[in-house]
Every structure is written in C-alpha cells, then in structure tokens.
C-alpha cells in the first residue's frame, strides 16, 4: 500500500505542475489598468470567442464599443450577456458581413453617419481552413473574409480614424502566416485550392496589410498592429466543414480546454496593442503574447505588401484617392 504522505505529496506536485502548465499555455497577459473612457471602438466578429472577450474588457475600461457581426441575433445575445457581466450598456450592435463588399460599404456608411470619431478598429473576425466556397463577390472565402473585407472596411473608415488620432488599427493574424505565401499568379485560388494553404495565405495577407498600412500612415498618429492571439479554444474551427467534428468529439473537446488558451487569454494581445501607451510610436509590427515578435521573412516583404495593396484596391473597387 502506498503511504498516505506519498499520495498527498504526489497530489500537491501534480496540482502545482498543472497550474504552472496552464500559466504557460495562457501566455502573456495585459495587466495594465489603462482606460479608454470616451473612445469609440469597432470590433468585427465580436459575438463570440476572442472578439467578445475583447469587447468585454474594453467596455469595462470605459469604451463605447460597436460589435460588427454577420448574425444580428447572435450579436444581440452577446450584447445582453456583456451588459449583464459588466454593468455597462454602451455597447452597440451593427450588421456586417465581411463576405459581402456591399455589406461592408453599408456598415461603413451607417457608422460614419452615426459617429464623429473612431479611436480603435479591431479587425478580429475570420474564417479558418474552410472547404472551397466563394464570397458574394466571387472571392475565395478565406482571402475574401480574412483580408479583402477588412481591407475595404479599414480604408472606408480611415479618414475618420485619422481625424480621431492618436488612434489604432489592430489586425488579427496568426502564427500560420509563417507557413503562408502570397500566390501572385492565383491569389483567389481559381486554379487550385487547398484549405490550409489558403488560410495561411490570408493570415500572411493580414501581416502584409498591417505593414503597408503603417507606411502609408506615417506622420498621421494612426498606428497599426498585427496580432497572433495564440491557440485558443474558440468556435473558429466551425468553418472547417467535416474536419470540425474532430474539435467537437467528446474525447477531443476536454483536451482543447486544457491545451489551448481561453478566449480571455486569447484577447490579451489585442488589448495590449489597442491600449498600451508604450506602443504609441510603434506601427506595422507583429505581436504575440503581449510582446513584439519578428514576422516571417514573407511577412517583411515590402514589395509584396505593396503589390497586395494595389491588387486589393482593384479587387474591392477601392480608389486610391480615398486615402
């Protein structure tokens, strides 16, 4: 029989070890009490996961938060939950379907008519490794939603963001950008399609967009940041079609809750780049766990970043004179 003292000691060691493991998994945390009173904030796709947690924290810190989502029903449910959790009601729901350029334009038009300022734009929404499908405008879904929709949205709101400076733009990317490349001969995956390759390309596009945006905004006091939130237990894999069952399997789901970050921890680097005063003079860089990290070589390719911007203008029908 194992002595009781050994069982107790093992239990203590196991408990401490598990807590240390979870601290490592959760990663960097934004621990400053920086406020955002009076600031107007737009977060895309904030009815669940990282976006919802980001909205909650910014609401608690005094922000006027707009959550821009495809499903008004889910967004209004999230709004009710956030009001109940924070005791603050300055959170507003607006419809935005990033897979439709008309929806993006309609959102921007309405927002600009409603608000005289925009201090923080967080391009949070995204799809991941989905089966081949097209947006309403004929774009491959991942480059269309993850990059082109946010590209157009940001540019349509840019004059208001510049007028509200100092202001910030946060683009959620991913470590997956490291494995991505911009296929200049087939950006829209018309000749061939691989759902993982297309996802990595779209996340690289987020990094390059952030970099080129920073160059074009030099001297305006508007700064841009690309963020990798980490491996987070969210609903993002729901877009993966038949592969999604792997994430929802009764034997896999518990593992994800142990090995992946919580949405709250996934939101920390978004909050860091949106709020930290130490980043006021930084722009165009890539951040992980509330620290600056070096983007991949492809993510630092200025020529490709410029090419992608020009092609994105053409694809979205955005004239450069709008800048």
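The values are calculated or read from the model by the stated rules, or taken from the named source; none is laboratory data. As the structure is a computational prediction, the values presented were derived from the model and not from experiment. Every residue, glycine as well, gets a Cβ built from its backbone with ideal geometry; the counts of neighbours run over all protein chains shown.
Against the definition (surrounded by 24 or more Cβ atoms within 10 Å (Cβ to Cβ) and either in contact with a strand residue (DSSP E or B) (Cβ under 7 Å, 6 or more places away or on another chain) or more than 22 Å from residue 121 (Cα to Cα) (or both)), how does residue 231 come out, yes or no?
Numbers: surrounded by 24 or more Cβ atoms within 10 Å (Cβ to Cβ): no; either in contact with a strand residue (DSSP E or B) (Cβ under 7 Å, 6 or more places away or on another chain) or more than 22 Å from residue 121 (Cα to Cα) (or both): yes.
Taking the combined requirement at face value, the residue does not satisfy it.
Among the numbered criteria (1) at pLDDT 95 or above; (2) surrounded by 13 or more Cβ atoms within 10 Å (Cβ to Cβ), which one does residue 22 miss?
Among (1) at pLDDT 95 or above; (2) surrounded by 13 or more Cβ atoms within 10 Å (Cβ to Cβ), residue 22 violates only (1).
I'd like to check something: does the range 282-300 contain any residue that is within 19 Å of residue 34 (Cα to Cα) and exposed (fewer than 13 other Cβ atoms within 10 Å of the Cβ)?
yes
Determine the pairs where a residue that is at pLDDT 95 or above, located within the range 181-199, has a partner that is surrounded by fewer than 19 Cβ atoms within 10 Å (Cβ to Cβ) and part of a loop (DSSP other than H, G, I, E, B) with Cβ atoms under 6 Å apart, the partner being 6 or more residues away or on another chain.
Pairs found: 193/132.
Run residue 249 past the list (1) closer than 21 Å to residue 130 by Cα; (2) in contact with a helix residue (DSSP H, G or I) (Cβ under 7 Å, 6 or more places away or on another chain); (3) modelled with pLDDT under 85 and report the number of the one that doesn't hold.
In the conditions (1) closer than 21 Å to residue 130 by Cα; (2) in contact with a helix residue (DSSP H, G or I) (Cβ under 7 Å, 6 or more places away or on another chain); (3) modelled with pLDDT under 85, residue 249 misses (2) alone.
Which of the strands (runs of 3 or more DSSP E) contained wholly in the range 75-189 include at least 3 residues that are buried (at least 22 other Cβ atoms within 10 Å of the Cβ)? Steps first, answer last, please.
Values: elements: 91-95, 120-123, 167-172.
Qualifying strands (runs of 3 or more DSSP E): 120-123, 167-172.
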